[in-house]
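Quick notes on the structure that follows.
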Amino acid sequence: MLRYITNIFCIALASFSMFAQNDSLVGQQVQGNVLIVEEPKSDSLKIKETYGLRLGVDVSKFIRPFVEDDYTGFEVMGDYRLTRKWYLAGEIGAENKRTQDNDYLDVTTQGTYFKAGADWNAYENWYGMENMIYLGFRVGASSFRQTLHSYGVYSTDQYWQPQFTNNEEQEFKGLSAIWGEVIAGLKVEVFNNIYMGVNVQFKYLVTQDEPSGFENLYIPGYQRTYDSSNFGFGFGYNVSYLIPFFKKDKKKITEEE
């Protein structure tokens, strides 16, 4: 009888020990002779950001011919996301602009240009947003020609002497210019992967080829020059489409955040 009671006591003690051990191993399971530990569930969420190529056009170049009779041009732009904040960016285009400086100079500028550089996005997007408020820099280069339609020579004797005017057309080919510019702008997603934006450009002319006898009044890509100054200004309105390539985790945040 005593032996029977002792066996019951040992079985109960062993059962209690196993129960206490299982209760202390939270998130653990035993399969066969292998102990499997389950990690606690996390309340964090992964935010994914889109990486891809964005292509667009400067719509201001299509609007200008309606307000300027002597202008035609186009510009194609693009950017490619490298990191969370940095983008490779550039533009390529062509312009044809006739400039009449008072009654003394009538010139048409025609040529192509390209600009290359990078943009830094200063805007911290909310979840699901891919907008940009950015600062960037570009190095620009243009190849163009100037056509001098007519020019006049100013005479100090306005009363007795007639103004000399030459209407013989001259063409100056093979001209080029290089400049740097700082650009600031924004791009906002208005529809799925479709963006609208605006930017301003502050330019500094590094070098240029000038025609014989007069200065460049307009340089494609750089735009209007101002009284022999090396500083210039530009702006643009653009519509672009983002071609998504892949998505990358931004960071983990808790559900409470």
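The values are calculated or read from the model by the stated rules, or taken from the named source; none is laboratory data. Model, not experiment: these values are computed from the prediction. Quick reminder, even Gly has a Cβ in these numbers, built from the backbone with ideal geometry, and neighbours come from all protein chains shown. Side chains included, ligands, DNA and RNA excluded: accessible areas come from the protein's heavy atoms. Shrake-Rupley method; radii C 1.70, N 1.55, O 1.52, S 1.80 Å.
Summarising the label geometry, the points placed 7 Å from Cα in the beta-carbon direction at V239 and R224 lie 2.7 nm from one another.
Here the Karplus curve 6.51 cos²θ - 1.76 cosθ + 1.60, taken at θ = phi - 60°, turns the phi angles of the stretch 201-215 into couplings of 10, 10, 10, 9, 7, 8, 8, 7, 8, 10, x, 6, x, 7, 8 Hz, with x standing for Gly and Pro. Accessible surface computed residue by residue for the stretch 41-137, with neighbouring protein chains in place and a 1.4 Å probe, gives 55 Å² per residue.
Starting from the alpha-carbon convex hull of the stretch 55-154, give the projected area averaged over all orientations, in nm². Intermediate results must be reported in sequence, preceding the final value.
On the way: hull surface 34.5 nm².
In nm², the orientation-averaged hull projection of the stretch 55-154 is 8.6.
In sequence order, the stretch 221-231 has phi-based couplings of x, 7, 6, 5, 9, 10, 6, 6, 6, 8, 9 Hz under the Karplus curve 6.51 cos²θ - 1.76 cosθ + 1.60, θ = phi - 60°, and Gly or Pro positions carry x. Label-to-label distance, I92 versus F66, with points set 7 angstrom from Cα along the beta-carbon direction: 2.8 nm.
For the pair W126 and M196, a Förster radius of 22 Å applied to the C-beta separation gives a FRET efficiency near 0.75, rounded to the nearest 0.05.
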